[in-house]
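Worksheet: one structure, shown below.
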Amino acid sequence: MKKMTIDGNTAASHVAYAFSEVAAIYPITPSSPMAEVADEWATAGRVNMFGQKLRLAEMQSEGGAAGAVHGSLSAGALTTTYTASQGLLLMIPNMYKIAGELLPTVFHVSARAIAAHSLNIFGDHQDVMACRQTGFAMLASGSVQEVMDLALVAHLSTLKAKVPFLHFFDGFRTSHEVSKIDVIDYDEMKALVDMKDIDDFKSRALNPEHPIQKGTAQNGDTYFQNRETANKYYLATPAIVQEMMDKVSKLTGRNYHLFDYCGAPDAENVVVIMGSGADAMEETINRMNKEGHKVGLVKVRLYRPFVADAFVAALPKTCKKIAVLDRTKEPGSLGEPLYLDVCSALFEKGINKIKVVGGRYGLGSKEFNPSMCYAVYKNLESKNPKNHFTVGIYDDLTNTSLDFSEKYDAAPEGAISCKFYGLGSDGTVGANKDSIKIIGDHTDMYAQAYFFYDSKKSGGITVSHLRFGKTPIQSSYLIDSADFIACHNPSYITRYDMLTDAKEGGKFLLNSPWNTLEELEKNLPAKVKQQIAKKHLKFYNIDGIGIASQIGLNGKTSTIMQSAFFFINDSIMPYEQAADFMKKAVYKKFSRKGDAVVNMNYAAIDSAKSGLVEVKYPESWATATDGAPMVSVANNEYFKNVVHPILVLEGDKLPTSAFNADGSVPVGTTKFEKRGVAVKVPKWVAENCIQCNQCSFVCPHACIRPVVIDDATEKPETFATKPTTGLKGTQFRMQVSPLDCMGCGVCANICPGMKGNKALVMVPLDEVVEADAKNWEFAQEVKQADTSSIKRTTVKGSQFNQPLFEFSGACAGCGETPYVKVVTQMFGDRMVIA
Ligand code: SF4
Ligand code: SF4
């Protein structure tokens, strides 16, 4: 066993690879990395515990993947798959077949929400709960370490029990959390395998040497009793799981049971939960019990088969009230599945003195933190605890929600917490993954990293949450009290409230071109200055963008910021040592791209030290009233009340009444977003423009458009134009919306210009934003001249029509959105896209 800093998906894949000859896959977020790393390992020649390379087959859908697993198992190959959400639902028909034929396998599932009123790619248990009737045993892991340990339990158990297993852990929260854990070696795993189980499985395979027939049809006379013959396998499964848990516990020193109780031995109020929420709960009860409460927690490991005896045995004898927390929703049901199981277990065991309430939490990765855990116990402690409650939201429609406004900090003393605000695909997340590996692998500290992404992916905001400390980290929730905060994008300073979460005396690192006090005075909003001064933050600035363009890294600032982080926080490890590790990581990542790229990144690491400025701000900042205004919000009711809070990361505060029950939303609100995320934007050079409109045609975000106005139209001074080719009496301009532009440069690339001189050049946003933002507004409102004589079915002509698909949240430079956009320009609002 060795310590490594890895994520939950890699932990699951590590174990699955050991036990598999075949993997049939169809990647789906957030399970994709499990298949991706397995593929990488197979390509690199890694072998499983039996010395074989994994054969990986990507199918046409998850249904096909599950079908291939079924076929492969039938042929006697140890087979696995990885999936989530709707992908898992597509596997259900084959799961019945696999279970019905007692074929041992493990499906590793990074549990994810189901697309219902809207899509959601994040974590909850709705997908796995839709499989509880398929005949698969279900084992839940709540942390990256548990994924490693219980994936092993699942593979060992399925071989002996013959019952297939669904091993699940929370999408993103566990699948993508990077954590320092004990990684079990394949030799250690192999020592736990009973080879007779594998021989037995292989002997049941379809084989022409001893033919059998499977998958027959049965009528009413025989189907039922044949179905019941599998009972004994399910009855035997829990004891087998416990036996394998004991083996794994002996190996690892970490104890696992079908249900694990923790908390006060004489607790009266007990919560039952499974998945990552259990760790936040455990932190909370540890503090509550120190404060004199008597509370406890049952962590459900083996959810199917559900063993009532083991559940009841896990409860303290003193238990009077139970709150069962489900991370799923079953509209119309008497209660969510775990709640119903607990009620049935107590009823079957004749226990009627314990009051049971059920609640929902954490749907679609809704935050679940100690304040919410505390609210659940407070509810239990009340005289009449609310039943069928929700926690983590404000339900002002059906009043199900518990009040969690009392802040409860349960994080253990001594852990350091850091938050980094970055832009999707600016490299911040990758750099932080490297940083946590450096800290985890090269210090004696435990380390945890979790990454928040908005659904816009590239170009959306990312917030990296890093914790490290001397004890294992159980905090399975976002950081709301940080020792260090870094803002990697200067435009965020007038958009997001980043410093409310800064601790008194903490550190703040800003990436901005404002290196002097005067510039910062002007460009920081008053509120930010107040927060810095009132909390006595150590404040650093670095002109990452300027340094990057000097080095030739053009806008890529993440390595500079990573180096600055280590320089400021040299208590983690001496800076020179950290710089060495960063350089090794850079070499590993970029050596294939050549020395020039590697050297540029080395220079980025070295430049951080000299580029960093500690800002000695005056005390008067504490009462500052002037500075840059926060970004103004468009005067549109829906945008102001719903979209804008979401954009500034305050969507958690929206009550249920803010939404339509069917998930429908008004159209055309992206135009109000004005994200201002581009580092460089195109500037139009009129004299070089041949008016071909190709730039507008290819822009994935519809933020560069031709404008044609009559000669006589009054216009702003900066609104330069040139006579329109072929349309006498009119003026042409190519107008960019700098605050909507993503800076991908696709328009400037395509621009043919005149005689080799481009008519679009990429310039820093700051250079043009003031004038061009106003020019864009003018262009949207001004009366356009008649351009109908230009054929609408040409590249040029199509661009004079209003795009009805604009400012998409696609990745910068997306190759798909220009097609959707141009279709809307050609066919208008009577077109239906399905
Ligand atoms: S840089 Fe990209 S997003 Fe910006 S206008 Fe050009 S094509 Fe559109
Ligand atoms: S692609 Fe270049 S030349 Fe053509 S319209 Fe756009 S700016 Fe002008």
(request) Can you tell me how much longer the chain between Ala236 and Asn749 gets when fully stretched, taken as 0.36 nm per residue apart minus their C-alpha distance, in nm with one decimal? (result) 178.1 nm
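Please report the orientation-averaged projected area of the stretch 84-232, defined via the convex hull of its C-alpha atoms, in nm².
Values: hull surface 45.8 nm².
For the stretch 84-232, averaging the hull's shadow over all directions gives 11.5 nm².
Considering only the other residues whose Cβ falls under 15 Å of the Cβ of Lys588, what net charge follows from Lys and Arg at +1 and Asp and Glu at -1?
Numbers: positive: Lys433, Lys437, Lys583, Lys584, Lys589, Arg592, Lys593; negative: Glu40, Asp434, Asp441, Asp580, Asp595.
Overall, the nearby charge balance is +2.
Please state the equivalent ellipsoid semi-axes for the stretch 416-623: what are the square roots of 5 times the Cα gyration tensor eigenvalues, largest first, in whole Å?
On the way: eigenvalues 127, 88, 53 Å².
In descending order the semi-axes read 25, 21, 16 Å.
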(message) Please list, ordered by chain and number, the residues whose modelled amide H lies under 5 Å from the amide H of Leu166; skip anything fewer than 5 residues away on the same chain.
(response) Phe107, Ala137, Met138, Leu139
(message) Projecting each Cα onto the charge dipole of the stretch 167-281 (Lys/Arg +1, Asp/Glu -1 at the beta carbon, about the Cα centre), which of Thr252, Thr237, Ala217 comes out farthest on the positive side?
(response) Ala217
(message) With θ taken as phi - 60° and the coefficients 6.51, -1.76 and 1.60, list the Karplus ³J(HN,Hα) couplings across the stretch 742-756 in order, rounded to whole Hz; mark glycine and proline as x.
(response) 9, x, 6, x, 4, 5, 5, 5, 6, 4, x, x, 10, 6, x
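Give me the percent of the accessible area of the stretch 680-830 that comes from carbon and sulfur atoms, probe 1.4 Å, all protein chains in place.
Working: 4090 of 7450 Å².
Heavy-atom surface of the stretch 680-830 belonging to carbon and sulfur, 1.4 Å probe: 55 percent.
Quote the convex hull volume per residue of the stretch 277-345, based on C-alpha atoms, as a whole number of Å³.
On the way: hull volume 7.3 nm³, N = 69.
Measuring per residue, one finds 105 Å³ for the Cα hull of the stretch 277-345.
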(request) Give me the distance between the Cα centres of the stretch 709-727 and the stretch 335-384, rounded to whole Å. (result) 67
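What is the Cα convex hull volume of the chain when expressed per residue in Å³? Show your work: numbers first, answer last.
Values: hull volume 165.2 nm³, N = 834.
Here the figure is 198 Å³ per residue.
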(request) Note down the magnitude of the dipole of the chain about its Cα centre, charges +1 on Lys and Arg C-beta and -1 on Asp and Glu C-beta and zero elsewhere, to the nearest 20 debye. (result) 740
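Just the number, please: carbon plus sulfur as a percent of the accessible area of the stretch 577-641, 1.4 Å probe, no ligands or DNA/RNA counted. If you can, show how the numbers build up before the last one.
Working: 2150 of 4100 Å².
Result for the stretch 577-641: 53 percent of the exposed heavy-atom area is carbon or sulfur.
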(message) Explain nothing, just the number: dipole magnitude of the stretch 680-830 about its Cα centre with +1 on each Lys and Arg Cβ and -1 on each Asp and Glu Cβ, in debye rounded to the nearest 20.
(response) 640
(request) Note down the net charge around Val597, summing +1 for each Lys or Arg and -1 for each Asp or Glu among other residues with Cβ under 12 Å from its Cβ. (result) +3
(request) State, to one decimal in nm, how far the label point of Asn207 lies from the label point of His388, with both points 7 Å from Cα in the Cβ direction. (result) 5.5
(message) Show me, for the stretch 288-302, the HN-Hα J-couplings you get by feeding each phi into the Karplus relation (A = 6.51, B = -1.76, C = 1.60, θ = phi - 60°), rounded to Hz, glycine and proline as x.
(response) 4, 5, 5, 7, x, 6, 10, 10, x, 8, 10, 8, 7, 9, 8
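When DSSP beta bridges are limited to those with both residues in the stretch 259-391, what percentage is antiparallel, rounded to the nearest 5? Mind dumping the intermediate values first?
Values: 5 of 23 bridges.
Counting DSSP beta bridges with both partners in the stretch 259-391, the antiparallel share is about 20 percent.
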(request) Could you let me know the centre-to-centre spacing of the stretch 486-561 and the stretch 199-237, using Cα atoms, in angstrom? (result) 65
(request) Take the solvent-accessible surface of the protein heavy atoms, probe 1.4 Å, and return the percent of it on the stretch 315-364 that carbon and sulfur atoms account for. (result) 55
(message) Can you give me the long-range amide H partners of Leu78? Hydrogens built in the peptide plane at 1.01 Å from N, cutoff under 5 Å, separation of 5 or more residues or another chain.
(response) Glu21, Val22
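Using DSSP to define loop residues, name the trypsin sites (Lys or Arg not before Pro) in the stretch 162-255 whose beta-carbon has at most 15 other beta-carbon atoms within 10 Å. Walk me through the numbers on the way to the answer.
Details: sites: Lys162, Arg173, Lys180, Lys190, Lys196, Lys202, Arg204, Lys214, Arg227, Lys232, Lys247, Lys250, Arg254; in loops: Lys162, Arg173, Arg204, Lys214, Arg254.
Taking the stretch 162-255 and a limit of 15 other Cβ atoms within 10 Å, the loop trypsin sites (Lys or Arg not before Pro) found are Lys214, Arg254.
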(request) Would you please give the residues with an amide H less than 5 Å from that of Val271, counting only those at least 5 places away or on a separate chain, with H modeled from the backbone geometry? (result) Gly296, Leu297, Val298, Ala323
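Give the accessible surface of the chain per residue, rounded to a whole number of Å², with probe radius 1.4 Å and ligands, DNA and RNA excluded. Walk me through the numbers before you get to the answer.
Numbers: 35530 Å² over 834 residues.
Using a 1.4 Å probe on heavy atoms only, each residue of the chain averages 43 Å².
Within the set of other residues whose C-beta is less than 9 Å from the C-beta of Asp740, count the net charge using Lys and Arg as +1 and Asp and Glu as -1. Mind showing how you got there, number by number?
Details: positive: Lys671, Lys674, Arg675; negative: Glu673, Glu806.
Charge balance near Asp740 sits at +1.
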(message) Out of the GluC sites (Glu not before Pro) in the stretch 698-792, which ones are loop residues according to DSSP with at most 15 other C-beta atoms within 10 Å?
(response) Glu714, Glu717
(message) Can you compute the modelled spin-label distance between Lys593 and Asp444, with each label point 7 Å from Cα toward Cβ, in nm?
(response) 3.8
(message) Positive end of the dipole of the chain, charges at C-beta (+1 Lys, Arg; -1 Asp, Glu), about the Cα centre: which of Pro764, Ala310, Val667 has its Cα farthest in that direction?
(response) Val667
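Could you list the GluC sites (Glu not before Pro) in the stretch 209-307 that lie in coil according to DSSP, counting only those with at most 14 other Cβ atoms within 10 Å of their Cβ? Spell out each step's value before the answer.
Details: sites: Glu209, Glu228, Glu243, Glu268, Glu282, Glu283, Glu291; in loops: Glu209, Glu268, Glu291.
Counting only loop positions with at most 14 other Cβ atoms within 10 Å, the GluC sites (Glu not before Pro) in the stretch 209-307 are Glu209, Glu291.
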(request) Just the number, please: percent antiparallel of the DSSP beta bridges in the chain, rounded to the nearest 5. (result) 50
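Subtract the Cα-Cα distance of Gln133 and Glu330 from 0.36 nm times their separation in residues, and report this length gain in nm to one decimal. Spell out each step's value before the answer.
Working: separation 197, 0.36 × 197 = 70.92 nm, distance 1.45 nm.
69.5 nm is the gain from fully extending Gln133 to Glu330.
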(request) Could you let me know the centre-to-centre spacing of the stretch 567-637 and the stretch 743-820, using Cα atoms, in angstrom? (result) 33
(message) If R₀ is 60 angstrom, what is the calculated FRET efficiency for the pair Ala720 and Lys534, using the beta carbon separation as r and rounding to 0.05?
(response) 0.85
(request) Could you name the aspartates and glutamates whose alpha carbon sits less than 20 Å from that of Lys821, not counting residues in the same chain fewer than 8 places away? (result) Glu673, Asp740, Glu806, Asp829
(request) Starting at the first residue of the stretch 536-549, write each ³J(HN,Hα) from the Karplus equation 6.51 cos²θ - 1.76 cosθ + 1.60 with θ = phi - 60°, in whole Hz, x for Gly and Pro. (result) 6, 6, 7, 10, 10, 10, 9, 8, x, 5, x, 4, 4, 6
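The values are calculated or read from the model by the stated rules, or taken from the named source; none is laboratory data. Because the structure is predicted, anything quoted here is derived from the model rather than measured. Quick reminder, even Gly has a Cβ in these numbers, built from the backbone with ideal geometry, and neighbours come from all protein chains shown. Surface areas here come from the heavy atoms of the whole protein model, side chains and all, with no ligands, DNA or RNA. Shrake-Rupley method; radii C 1.70, N 1.55, O 1.52, S 1.80 Å.
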